[in-house]
Ligand code: PRP
Ligand code: URA
């Protein structure tokens, strides 16, 4: 069964609240997205394996634990998912980055694919798919389909805001993934936008409207 974790950390709540405000300009919105990504990355990577390593501190030899055994692939769903990549890379600098290009058809709200480039060894990595918004779930389900087709097995998804409808659709389609959400909202409106949400995440990040 999919694990669904909603963050209740005050720092994350505060930053998401600022991102929701329609008066927050793109530059500040991007900065906040990077900061929230860094904060969420701590929890999303909690299960990464560590191994014992011998080192010497200035005082004495000692055994320490360091990351090892499982590398990470960050996969943003274009284009809004790009807003999370820099923050994730600051915390996990050795991660590889794949890209899945999907946009929602404005009439049907179904995802339309236009690009997919993933690391060759994605099947050996912990895959973290990132996107600010989980609305109907169509884009996230298609992105998981892509990475599974390339052999990925250990898959987590990280969203800023999710609607209950999207959580249900994603967990039903892919019960084996873990889902991390900064905030769970109320419902979708007639245009399949999240209410209260933050509007169109891509437009807010890139200033296109
Ligand atoms: C947004 C968002 C998700 C998708 C969520 O992207 O970034 O990818 O919608 O909606 P869904 O759960 O109903 O599929 P959008 O299609 O607006 O493309 P963009 O990132 O290029 O703006
Ligand atoms: N995509 C967005 O960017 N915002 C929503 O509320 C729903 C889908």
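Read the figures in this text as sums done on the coordinates, not as results from a lab. Computed from a prediction, not measured in an experiment: that's the story for all the values here. Note that we place each Cβ from the backbone using ideal geometry, even for glycine, and neighbour counts take in every protein chain shown.
Before moving on, here are some points about what is shown:
- Of the residues 15, 149, 126, the one that moves most in a GNM of the chain with alpha-carbon contacts below 10 Å is 149.
- Along its principal axes, the chain has C-alpha extents of 63, 38, 30 angstrom, given from the largest down.
- In plain terms, the bigger the Kirkwood radius, the slower the diffusion; for segment 120-197, with that radius from Cα pairs, at 37 °C and 0.692 mPa s, Stokes-Einstein puts D at 260 µm²/s.
- Computed from Cα atoms, the angle from the helix 10-20 axis to the main principal axis of the chain rounds to 30 degrees.
- Rounded, prolate or oblate (a/c below 1.5 giving rounded, otherwise prolate when a/b exceeds b/c) for segment 24-77 by Cα gyration tensor: prolate
- Cα gyration tensor shape of segment 80-126, rounded if a/c is under 1.5, else prolate or oblate by comparing a/b with b/c: oblate
- Placing a label point 7 Å from the Cα of residue 105 along the Cα-to-Cβ line, the residues of segment 137-155 whose backbone N sits under 14 Å from it are 138-139.
- Candidates 137, 87, 69: whichever shows maximal mean-square fluctuation once the chain is modelled as a Gaussian network with Cα springs under 10 Å: 69
- With an a/c value of 1.5 or above and a/b not larger than b/c for the gyration tensor axes a ≥ b ≥ c computed over the alpha-carbon atoms, segment 12-117 is described as oblate.
- Average Cα contact separation per residue, the chain, under 8 Å, 6 or more apart, as relative contact order %: 24 percent
- Relative contact order of segment 23-141, defined on C-alpha pairs under 8 angstrom at six or more residues apart (%): 25 percent
- Sorted peptide list for 51-60, 152-161, 190-199, 176-185, criterion being average Cβ within 10 angstrom, highest first: 152-161, 176-185, 190-199, 51-60
- Helix 26-44 and the longest principal axis of the Cα set of the chain meet at an angle near 50°.
- Residue 17 paired with residue 114, simple spin-label distance in nm, labels 7 Å along Cα-to-beta-carbon: 3.6 nm
- Degrees between helix 164-173 axis and first principal axis of the chain (Cα, 0 to 90, nearest 10): 60 degrees
- GNM result for the chain, Cα springs below 10 Å: residue of 112, 130, 147 fluctuating most strongly: 112
- FRET efficiency for residue 56 and residue 90, using Cβ-Cβ distance with R0 set to 22 Å, rounded to 0.05: 0.20
- Taking each residue as 0.36 nm, the span from residue 70 to residue 28 lengthens on full extension beyond its C-alpha to C-alpha distance by 11.8 nm.
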